[in-house]
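> The structure follows.
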Amino acid sequence: MEKELICMVCEKPFQTPVILPCTHHACLYCAETLISYSDVMGKATEENCEAEQNEGLGSGKVAMVSCPACEKKICIGNCDVYSFPKDKILEKLVNRSFGATSDILCQMCDGIPPNAGTISCEQCDITYCETCCRTYHPRRGPLASHMLVSPSSLGKARQDVMKCSHHREENISMYCVKCKTTVCYLCVDRGKHRKHDVKALGEMFKEQKVELTGNLKHLCEKEKELQSFIGKLNEKRVDIQENGLDFEASVVAQCDSLIRFIEGKKVELLQVVTTEINKKIKNLNNQIKDCEGKAYEAKGLTEYTMEVLREVDPSSFLLVSNSVSQRVLTSQRDWYKDFTMEPSTSSDINLTLDLTGIHEALQDMNFYELKAPPAPEFLPDQCSVLDDKMILTWRPVKHGNPQGFVVEIDDGSGGNFTEVYSGNKTRCTVSGLQFDSTYRARVRAYSSAGESQSSDVVYLGTPDVACFTFDPETAPSGVVLTHENDTVSCNCSENRVVLGNIGFSKGIHYWEITIDKYTSNPDPAFGVARADTEKNTILGKDTKAWSMYADASRSWFRHNNAHFQRHLGGIETGAVVGVLLDVNSFSLTFFLNDEERGSIQLPSSDEMFYPAVSLNRNVQLSLQSGLRPPDCSTA
């Protein structure tokens with residue numbers, strides 16, 4: 001509440017708080033700084049001046065107050081800040097919270113801050129310093145009878161009696177309803193509140209306390225709702241932090257895995273390089289070995305030949321010279337036959353490591369999409385069935401971030417699932433269910449990253465028997481529904497068809513209609529119909545309705561305007577007509593006062609059959625649904 005106790009102008013605790021015309025507060029002296037002046041016919045008319053405040057103003061300058069909170073400029077005419085209501089309650093709260101100020105300031109000083117107040121007038125409700133008291137409140141003339149007291153004494157008196165801001169000698173005694181402010185009798189008698197609607201303070205005190213209490217209750221509910229939302233936001237913040245830590249750990253683990261993979265790949269590549277180097281060196285070693293063998297042979301032949309050339313005996317020389325010459329020529333001729341004078345391998349490592357694509361992939365490595373959310377979970381204690389409606393409630397799993405949900409249910413007989421809801425809510429209602437059935441429901445979440453798996457299936461059963469009423473939404477004009485839509489009458493002379501608010505496509509259902517009023521021998525009809533049957537005629541006249549209609553002496557079955565199975569014995573006030581619909585075998589059986597009147601075979605179809613009646617102004621009918629089907633064999 002501390003914010004409510006601080007002035008928006010001086011940003012200090014309020015001192016003599018007044019209520020501005022826009023309902024915000026300011027210190028009395030701060031309010032003076034908010035006043036400016038504008039032309040009545042010029043700028044003032046463009047600044048949201050209120051009409052009643054401009055009444056009676058001529059041309060010239062008028063005062064306007066600018067609120068720093070709402071930034072509105074409001075015309076106050078010829079009034080000043082001393083005409084603004086003083087908020088005594090707020091002043092008490094400020095004094096209680098921050099302690100009463102040691103100095104009560106003069107309310108008439110022009111300087112800011114004003115001098116300390118030393119004298120207060122009980123009649124004027126104004127505090128003066130010595131100088132201002134001599135100037136504005138001399139003790140002579142009409143002011144001689146005023147009671148001057150110390151400011152602290154006046155403060156105590158102010159708590160008991162509040163003076164009118166326009167007639168400072170008069171006590172506040174009434175409340176102006178139009179202007180929504182307290183006034184004295186002079187304001188009402190000849191002031192600007194003349195001819196306004198006024199009420200006693202006590203009466204308005206009670207009314208506004210009740211109104212404010214109600215508004216406070218709603219505000220407290222909103223504040224409680226906001227606090228709950230803040231709690232959820234805090235939980236969300238914790239979830240984000242936890243998710244962030246988990247995700248950071250996941251990123252570190254994946255990057256570490258990538259680094260380990262690269263390290264392993266580096267070892268593999270270095271092994272390939274080492275193998276290639278060893279292969280080249282081995283080839284060169286073999287070539288060197290071959291060359292060294294050849295050189296050794298050539299050196300031996302060379303040394304032997306040189307020894308032969310040193311021989312001086314002609315006969316000895318000629319004996320071997322021919323063979324030696326032949327060996328030298330053969331060695332020269334076969335010199336390049338066994339090897340070449342080129343290295344058997346190059347010194348280059350003929351391997352290329354192309355990392356262009358890898359660098360691009362690493363450069364592009366980023367978070368492109370989130371993982372699909374986990375499957376949500378149903379809240380079983382918040383899932384229920386009421387008549388033919390199913391209410392499903394679920395919640396997303398913690399650490400999930402779904403954008404929406406898809407709900408599916410089966411047909412109540414273990415069939416395939418069908419989508420019945422898609423959206424971002426966590427609650428949905430499914431209508432049009434069949435009675436005496438067990439439905440399976442499941443929900444899945446989705447986001448931009450994909451869909452989750454379906455949740456665990458929840459099983460919900462519908463009631464064994466159907467409880468329904470007449471449907472006001474589809475009833476034609478002239479039909480009157482009462483007793484919570486269980487009783488129907490009509491103000492038309494022509495027949496009107498009224499349907500039930502629930503349709504059936506499976507199961508066995510029984511209901512009864514009691515004749516509350518029956519005059520002038522009309523022909524009310526009872527049976528079933530499609531939703532789009534003709535409603536401004538007797539039931540059974542078209543192809544979309546099947547009925548039994550009766551008068552005071554007989555009854556007939558009717559469909560497609562054909563009459564058949566006439567039975568003697570009619571209806572009267574108090575008679576009870578029973579209708580048994582067996583959708584499983586597509587038959588419609590009628591009873592009158594517990595006696596069976598026969599059956600109609602219905603067409604096989606997946607369309608809904610709705611309970612229906614037709615009547616005019618001479619008939620009133622009451623419906624009783626949710627009954628156990630009778631045993632036709634003993635009826």
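> If I model a spin label as a point 7 Å beyond the Cα along the Cα-Cβ vector, how far apart are those points for D313 and I89 in nm?
With each label point 7 Å from Cα toward Cβ, the separation is 15.2 nm.
> What is the dipole size for the chain, taken about its Cα centre, with +1 at each Lys and Arg Cβ and -1 at each Asp and Glu Cβ, in debye to the nearest 20?
Its charge dipole is roughly 2180 debye.
> Suppose R0 equals 30 Å. What FRET efficiency, 1/(1 + (r/R0)^6) with r the Cβ-Cβ distance, do E473 and S384 give to the nearest 0.05?
Efficiency computed from Cβ-Cβ geometry: 0.80.
> K544: which lysines have alpha carbons under 20 Å from its alpha carbon, excluding same-chain residues fewer than 8 sequence positions away?
K506, K535
> Which trypsin sites (Lys or Arg not before Pro) in the stretch 321-399 sit in a loop by DSSP (not H, G, I, E or B) and have at most 11 other Cβ atoms within 10 Å of their own Cβ?
K337, K398
> Any chance you could run the full-extension gain for K199 through S553? It's 0.36 nm times the residue separation minus the Cα-Cα distance, nm to one decimal.
So the extension gain works out to 120.6 nm.
> Assuming R0 = 25 Å, can you tell me the calculated FRET efficiency for the pair A253 and H359, based on Cβ-Cβ distance, to the nearest 0.05?
0.65
> So, one more: In nanometres, what is the gap between the two model label sites at K294 and D594, each 7 Å from Cα along Cα-to-Cβ?
13.0 nm
> Could you list the GluC sites (Glu not before Pro) in the stretch 353-440 that lie in coil according to DSSP, counting only those with at most 12 other Cβ atoms within 10 Å of their Cβ?
Answer by residue number: E369.
> If the cut-off is 18 Å between C-alpha atoms, which lysines fall inside it for K206, apart from same-chain ones fewer than 8 positions away?
K178, K180, K217
> What FRET efficiency would be calculated for the residue pair S585, F367, taking the C-beta separation as r and a Förster radius of 51 Å, to the nearest 0.05?
0.25
> Relative contact order of the stretch 102-153, please, whole-number percent, based on alpha carbon pairs below 8 angstrom and at least 6 residues apart.
34 percent
> For the pairs K12/K192; K3/K199; K88/K222; K92/K199; K222/K398, note any where the Cα-Cα span goes beyond 31 Å.
The pairs that break the limit, which is 31 Å between Cα atoms, are K12/K192; K3/K199.
> If I model a spin label as a point 7 Å beyond the Cα along the Cα-Cβ vector, how far apart are those points for N215 and S150 in nm?
If labels sit at N215 and S150, their model points lie 3.9 nm apart.
> Helix-derived [θ] at 222 nm for the chain: sum -39500 (n - 2.57) over DSSP H runs of at least 4, divide by residue count, nearest 500?
Dividing the helical sum by the residues of the chain leaves -10000 deg cm²/dmol.
> Excluding the sites themselves, what is the longest stretch of the chain that contains no chymotrypsin sites (Phe, Trp or Tyr not before Pro) in a DSSP loop with at most 13 other C-beta atoms within 10 Å?
1-334
> If you don't mind, another one. So for the chain, taking the charge dipole from beta-carbon charges (+1 Lys/Arg, -1 Asp/Glu), which of S431, G574, I230 sits furthest toward the positive end?
So the residue furthest toward the plus end is I230.
> Still on this structure: Consider a paramagnetic label point 7 Å from the Cα of I281 along Cα→Cβ; state which residues of the stretch 338-382 have an amide N under 11 Å from it.
From the stretch 338-382, the list is empty.
> Please state the shape class of the chain: rounded when a/c is under 1.5, otherwise prolate if a/b exceeds b/c and oblate if not, all from the C-alpha gyration tensor.
Because a/c hits 1.5 or more and a/b fails to exceed b/c, the chain counts as oblate.
Read-outs throughout are calculated quantities, based only on the coordinates presented, and are distinct from any laboratory measurement. Bear in mind the structure is a predicted one, so any value in this text is a computation, not a measurement. Note: ideal-geometry Cβ built from the backbone for every residue, glycine included; neighbour counts use all protein chains shown.
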